[in-house]
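The values are calculated or read from the model by the stated rules, or taken from the named source; none is laboratory data. It should be emphasised that the depicted structure is a prediction, and the values quoted were computed from it without experimental measurement. A quick note on method: Cβ atoms are made from the backbone with ideal geometry, for glycine too, and the neighbour counts reach across all protein chains shown.
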Amino acid sequence: MNPDLIDQMRDQLGANGLPYIVPIHPNLVHLTLGLFIAAIAFDIVGVLFPVEKAVFKYLAIPVTRSDLFNVGWFNMLGAAIITFFTIASGFYEILLSEPLTNVTSSWGLQAMETMLWHGIGGVVLLTLIVGMTIWRGFQRYLWRKDMSRQVQWSYLAVGLGIFVLMFLQGTLGAHLGGEFGIHTTADQLLKMGRNPNQIL
C-alpha cells in the first residue's frame with residue numbers, strides 16, 4: 001500500500017485510531033464466543049436430556065431433545081459465519097494499530113509478538129470453528145440423523161477443548177487493548193498528550 005495513502009488515512013482516524021467510533025472486532029468476538037458457547041452448551045444439555053427431563057417437566061418448561069439439538073446446530077452455524085467477519089475486522093483494525101511502546105504484557109510479550117500470536121490464534125480458531133460446524137453438520141444430516149442423540153461425545157470433548165483456546169486467545173486480545181492501548185480511546189488520547197476527561 002502507498003505510504004502517502006496511509007498517512008492521509010491516519011489524518012481521518014479518530015482518537016481510538018480507527019475511522020469509526022467503536023472498534024468492531026471486540027464486539028464480533030463476543031458474538032462468536034456467545035454463539036459457539038451456546039452451541040456446545042445446548043448440545044451438552046441435549047445429550048443429558050434423559051437425566052434432565054424430569055427437571056424440565058417439574059419446572060413446566062416445554063422442551064424436546066430435538067429442539068435442544070436444533071439450537072446447538074444453528075448456533076454453531078452462526079458462529080462459523082460470523083467468525084469470518086470477526087477475523088477480517090481484527091486484521092483490518094490491527095493494520096491501523098499503534099501500540100504503546102516499551103510495554104511488556106503480563107505474559108512477557110511485546111506488542112508485535114502479542115499481535116502475531118493473536119492473529120495466528122484467530123485463524124486457528126476460525127479453522128476449528130468451521131471444522132466443528134462441518135463435523136456437526138455430518139452428524140446432524142448423515143451419521144446420526146436417525147438417532148435421538150445427535151452428537152458424539154468426542155465432538156463435545158473437542159468443543160470443550162476449544163473453550164480453552166478461546167480463553168487464551170481472548171487473554172491475548174485483552175492484553176492488546178488493556179496493556180498496549182490498541183484502539184482504546186482513553187489510552188490513545190493520553191499518548192497524544194490530551195486529557196480524556198475534557199474530550200470524552
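On the given criteria, is His175 free of Cβ contacts under 8 Å to residues at least 60 places away in the same chain, surrounded by 14 or more Cβ atoms within 10 Å (Cβ to Cβ) and either more than 25 Å from Val22 (Cα to Cα) or not β-branched (Val, Ile, Thr) (or both)?
On the way: free of Cβ contacts under 8 Å to residues at least 60 places away in the same chain: no; surrounded by 14 or more Cβ atoms within 10 Å (Cβ to Cβ): yes; either more than 25 Å from Val22 (Cα to Cα) or not β-branched (Val, Ile, Thr) (or both): yes.
No, not satisfied.
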Subject >> Count - residues of the range 1-42 that are at pLDDT 75 or above and assigned to a helix (DSSP H, G or I) >> reply: 18
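Quick one: would you say Leu109 is in a helix (DSSP H, G or I) and either at pLDDT 80 or above or buried (at least 16 other Cβ atoms within 10 Å of the Cβ) (or both)?
Values: in a helix (DSSP H, G or I): no; either at pLDDT 80 or above or buried (at least 16 other Cβ atoms within 10 Å of the Cβ) (or both): yes.
For Leu109, the condition - in a helix (DSSP H, G or I) and either at pLDDT 80 or above or buried (at least 16 other Cβ atoms within 10 Å of the Cβ) (or both) - is not met.
If you go through the range 91-149 one residue at a time, how many are in contact with a Lys or Arg (Cβ under 7 Å, 6 or more places away or on another chain) and either under 29 Å from Val71 (Cα atoms) or among the hydroxyl-bearing types (Ser, Thr, Tyr) (or both)?
Filtering the range 91-149 down to residues in contact with a Lys or Arg (Cβ under 7 Å, 6 or more places away or on another chain) leaves 100, 148.
Keeping just the survivors that are either under 29 Å from Val71 (Cα atoms) or among the hydroxyl-bearing types (Ser, Thr, Tyr) (or both) gives 148.
Total meeting the criteria: 1.
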**OP:** Report, by residue number, each residue of the range 132-167 that is free of Cβ contacts under 8 Å to residues at least 40 places away in the same chain and of a type in the set (A, V, I, L, M, F, W, C).
**Re:** Ile134, Trp135, Phe138, Leu142, Trp143, Met147, Ala157, Val158, Val164, Phe167
**OP:** Would you mind telling me which numbered condition in (1) among the hydrophobic types (A, V, I, L, M, F, W, C); (2) modelled with pLDDT of 85 or more; (3) touching a Ser or Thr at 6+ places or on another chain (Cβ under 7 Å); (4) outside any helix (DSSP H, G or I) Ile182 fails?
**Re:** (2)
**OP:** Name the single residue, out of those in the range 135-167 being more than 13 Å from Leu33 (Cβ to Cβ), surrounded by 12 or more Cβ atoms within 10 Å (Cβ to Cβ) and among the aliphatic types (A, V, I, L, M), that is modelled with the lowest pLDDT.
**Re:** Val151
